[in-house]
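K.L.:
This structure is in structure tokens; I'll ask about it shortly.
The values are calculated or read from the model by the stated rules, or taken from the named source; none is laboratory data. What you see is a predicted model; the values in this text were computed from it and never measured. Cβ placement follows ideal geometry from the backbone for every residue including glycine, while neighbour counts extend to all protein chains displayed. Accessible surface is based on the protein model in full, side chains and every heavy atom, while ligands, DNA and RNA are left aside. Shrake-Rupley method; radii C 1.70, N 1.55, O 1.52, S 1.80 Å.
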Amino acid sequence: MEIFSLQYWQDFALKYGIYGLAFNSFIEAIFFPIPPDVLLITLCVADPQNAFLYAFIATLFSSFGGVGGYYLGYFGGKPLAFKLFGEDKVKKVHRLYESYEGLIVLLAGFTPIPYKVFTVTSGILFASLKKLIVFSIVGRGLRFFSEAALFYFYGAQVKHFVLHNLNILFTVLGVFLIVGFLVYRRYKKGRLP
């Protein structure tokens with residue numbers, strides 16, 4: 001299908017600019033499979049001087065979309081989860097998710113893990129909307145502004161590096177973040193009376 005091709009979305013980005021980027025960033029956080037990075041990179045290659053503006057638009061609208069995904073999960077997914085798994089099991093998973101929700105959303109925001117899975121899941125598990133918004137802005141901002149900075153400072157020649165290596169770097173950074181978080185929690189628990 002043409003709508004799911006990379007070329008289609010690159011052309012879409014060039015045709016609709018920041019409006020297309022805003023639209024894609026919003027719907028991708030709810031259900032759409034094409035990540036905003038495709039449009040962001042295309043726009044940054046075409047106009048590296050505005051890379052930070054593009055990153056801002058992607059971060060803002062992706063975070064707004066995350067709220068949409070949350071409400072989709074909350075009003076649509078939660079009743080379905082209660083019906084399929086039972087309210088007690090869903091609440092048990094909620095308590096586990098609640099312990100790590102900030103870290104989970106942060107990681108989903110900047111790693112290649114599909115962000116929409118966590119926005120909708122946050123709603124299903126009635127997680128904190130406030131935390132979702134804050135950690136979405138931080139996680140998505142880290143990802144999109146990192147990409148934008150590379151294009152702003154190095155221009156279009158960095159495209160190959162971004163396309164082939166950035167997801168690996170973000171994944172490695174995510175692993176370090178998880179390990180650091182777990183070490184911190186264990187250290188903090190060990191110091192408590």
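K.L.:
What pairs can you find where one residue is in the stretch 65-76 and crowded, with 19+ Cβ neighbours inside 10 Å, the other is modelled with pLDDT of 95 or more and among the charged types (D, E, K, R), and their Cβ atoms are less than 7 Å apart, with a gap of 6+ or different chains?
P.N.:
none
K.L.:
A further question on this structure: Looking at Tyr54, is it part of a helix (DSSP H, G or I), among the aromatic types (Phe, Trp, Tyr), in contact with a helix residue (DSSP H, G or I) (Cβ under 9 Å, 6 or more places away or on another chain) and more than 17 Å from Ser122 (Cβ to Cβ)?
P.N.:
Numbers: part of a helix (DSSP H, G or I): yes; among the aromatic types (Phe, Trp, Tyr): yes; in contact with a helix residue (DSSP H, G or I) (Cβ under 9 Å, 6 or more places away or on another chain): yes; more than 17 Å from Ser122 (Cβ to Cβ): yes.
Answer is yes for this residue.
K.L.:
Looking at Phe110, Phe118, which is the one that is at pLDDT 85 or above and hydrophobic (A, V, I, L, M, F, W, C)? Quick ask: steps written out before the conclusion?
P.N.:
Working: Phe110 fails: at pLDDT 85 or above.
Of Phe110, Phe118, the one residue that is at pLDDT 85 or above and hydrophobic (A, V, I, L, M, F, W, C) is Phe118.
K.L.:
Scan the stretch 27-43 and tell me whether some residue there is polar (S, T, N, Q) and over 21 Å from His160 (Cα atoms).
P.N.:
Taking the stretch 27-43 as the starting set, the residues that turn out to be polar (S, T, N, Q) are 42.
So of that shortlist, the ones also over 21 Å from His160 (Cα atoms) come out as none.
No, there is no match, as no residue in the stretch 27-43 is polar (S, T, N, Q) and over 21 Å from His160 (Cα atoms).
K.L.:
Would you say Gly86 is surrounded by fewer than 17 Cβ atoms within 10 Å (Cβ to Cβ), free of Cβ contacts under 8 Å to residues at least 60 places away in the same chain and on the phi > 0 side of the Ramachandran plot?
P.N.:
On the way: surrounded by fewer than 17 Cβ atoms within 10 Å (Cβ to Cβ): yes; free of Cβ contacts under 8 Å to residues at least 60 places away in the same chain: yes; on the phi > 0 side of the Ramachandran plot: yes.
So Gly86 passes the test.
K.L.:
Kindly indicate the residue of the stretch 97-134 that is closer than 18 Å to Val183 by Cα and more than 15 Å from the chain's Cα centre (by Cα) and also most open to solvent (accessible area, probe 1.4 Å) among those meeting that condition. Quick ask: steps written out before the conclusion?
P.N.:
Filtering the stretch 97-134 down to residues closer than 18 Å to Val183 by Cα leaves 99-104, 106-107.
Among the residues that remain, those that are also more than 15 Å from the chain's Cα centre (by Cα) are: 99-100.
Values: Ser99: 60, Tyr100: 80 Å².
Looking at residues that are closer than 18 Å to Val183 by Cα and more than 15 Å from the chain's Cα centre (by Cα), I get Tyr100.
K.L.:
Determine the pairs where a residue that is farther than 17 Å from Val134 by Cβ and touching a residue at least 40 places away in the same chain (Cβ under 8 Å), located within the stretch 46-64, has a partner that is of a type in the set (Ser, Thr, Tyr) and open to solvent by 70 Å² or more (accessible area, probe 1.4 Å) with Cβ atoms under 7 Å apart, the partner being 6 or more residues away or on another chain.
P.N.:
Once the first residue is farther than 17 Å from Val134 by Cβ and touching a residue at least 40 places away in the same chain (Cβ under 8 Å) and sits in the stretch 46-64, its partners that are of a type in the set (Ser, Thr, Tyr) and open to solvent by 70 Å² or more (accessible area, probe 1.4 Å) give Pro48/Tyr152; Ala51/Tyr152; Phe52/Tyr152.
K.L.:
Take the stretch 36-56 and flag every residue that is out of contact with any Asp or Glu (no Cβ under 7 Å at 6 or more places or on another chain) and surrounded by fewer than 24 Cβ atoms within 10 Å (Cβ to Cβ).
P.N.:
Those that are out of contact with any Asp or Glu (no Cβ under 7 Å at 6 or more places or on another chain) and surrounded by fewer than 24 Cβ atoms within 10 Å (Cβ to Cβ): Val38, Thr42, Val45, Ala46, Asp47, Pro48, Gln49, Asn50, Phe52, Leu53, Phe56.
K.L.:
Is at least one residue of the stretch 176-184 under 28 Å from Lys78 (Cα atoms) and open to solvent by 20 Å² or more (accessible area, probe 1.4 Å)?
P.N.:
Taking the stretch 176-184 first, the residues under 28 Å from Lys78 (Cα atoms) are 178.
From what's left, open to solvent by 20 Å² or more (accessible area, probe 1.4 Å): 178.
Yes, some residue in the stretch 176-184 is under 28 Å from Lys78 (Cα atoms) and open to solvent by 20 Å² or more (accessible area, probe 1.4 Å).
K.L.:
Hey, another quick one. Do the conditions hold for Ala13, that is, is it within 30 Å of His164 (Cβ to Cβ) and either among the hydroxyl-bearing types (Ser, Thr, Tyr) or within 14 Å of the chain's Cα centre (by Cα) (or both)?
P.N.:
On the way: within 30 Å of His164 (Cβ to Cβ): yes; either among the hydroxyl-bearing types (Ser, Thr, Tyr) or within 14 Å of the chain's Cα centre (by Cα) (or both): no.
Here the answer is no, as Ala13 does not meet what is asked.
K.L.:
For the stretch 9-35, how many residues meet the condition of being of a type outside the set (Asp, Glu), open to solvent by less than 100 Å² (accessible area, probe 1.4 Å) and closer than 16 Å to Ala46 by Cα?
P.N.:
Just the residues of the stretch 9-35 that are of a type outside the set (Asp, Glu), to begin with: 9-10, 12-27, 29-35.
Filter again for open to solvent by less than 100 Å² (accessible area, probe 1.4 Å), leaving 9-10, 12-13, 17-18, 20-22, 24-27, 29-30, 32-35.
Applying the additional criterion that residues be closer than 16 Å to Ala46 by Cα yields 9-10, 12-13, 17-18, 20-21.
Residues flagged as of a type outside the set (Asp, Glu), open to solvent by less than 100 Å² (accessible area, probe 1.4 Å) and closer than 16 Å to Ala46 by Cα within the stretch 9-35 amount to 8.
K.L.:
Open to solvent by 60 Å² or more (accessible area, probe 1.4 Å), touching a residue at least 24 places away in the same chain (Cβ under 8 Å) and farther than 24 Å from Val45 by Cα: does that describe Leu173?
P.N.:
Details: open to solvent by 60 Å² or more (accessible area, probe 1.4 Å): yes; touching a residue at least 24 places away in the same chain (Cβ under 8 Å): yes; farther than 24 Å from Val45 by Cα: yes.
So Leu173 fits the description; yes.
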